[in-house]
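What follows is a set of notes on a single structure, which appears directly below.
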């Protein structure tokens, strides 16, 4: 009888922990692809899920240093405002619209990767909700137990072409 009671409590606790952890595990802004090549032209897709009971109303993003984002996919019902540096280069953006609870939206961006430098491009994001809550995806991915890590794209050297 003690064994059955132990396993029943263990199963209930495991289920409860899984339900609590699910939004933390899956509720992250992601960038795809996660690997690319130095100097390549790339279409990056930002996936924004909403795992809260309140609608998402705004996403703010800071692009990795050296990344040249030059075109954006516009979605019906969404407005994009750009963050620019002193030279007029786009260094981030604000997406203003609405993502209902337990839905997600994907936004495409065309960019040219840096030709050299750090191979780990980190994207910083903030997700704002209608109820005033703000999630910050600003933790380094290699931090111990990062709850909201920054999406990372790893760049590799361009494959050398065969000599003829």
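Condition check: at pLDDT 95 or above, touching a strand residue (DSSP E or B) at 6+ places or on another chain (Cβ under 8 Å) and surrounded by 14 or more Cβ atoms within 10 Å (Cβ to Cβ). Does residue 82 satisfy that?
No, not satisfied.
Can you find, within the stretch 30-56, the residue that is farthest from the chain's Cα centre (by Cα) among those that are surrounded by 17 or more Cβ atoms within 10 Å (Cβ to Cβ) and farther than 16 Å from residue 109 by Cβ?
By that ranking, first place goes to 52.
If you scan the stretch 127-164, which residues turn out to be surrounded by fewer than 14 Cβ atoms within 10 Å (Cβ to Cβ), at pLDDT below 90 and closer than 24 Å to residue 38 by Cβ?
140, 141, 142, 158, 159, 160, 161, 162, 163, 164
Any chance the stretch 99-114 includes a residue that's touching a strand residue (DSSP E or B) at 6+ places or on another chain (Cβ under 8 Å), exposed (fewer than 14 other Cβ atoms within 10 Å of the Cβ) and in a strand (DSSP E or B)?
yes
The values are calculated or read from the model by the stated rules, or taken from the named source; none is laboratory data. Computed from a prediction, not measured in an experiment: that's the story for all the values here. A quick note on method: Cβ atoms are made from the backbone with ideal geometry, for glycine too, and the neighbour counts reach across all protein chains shown.
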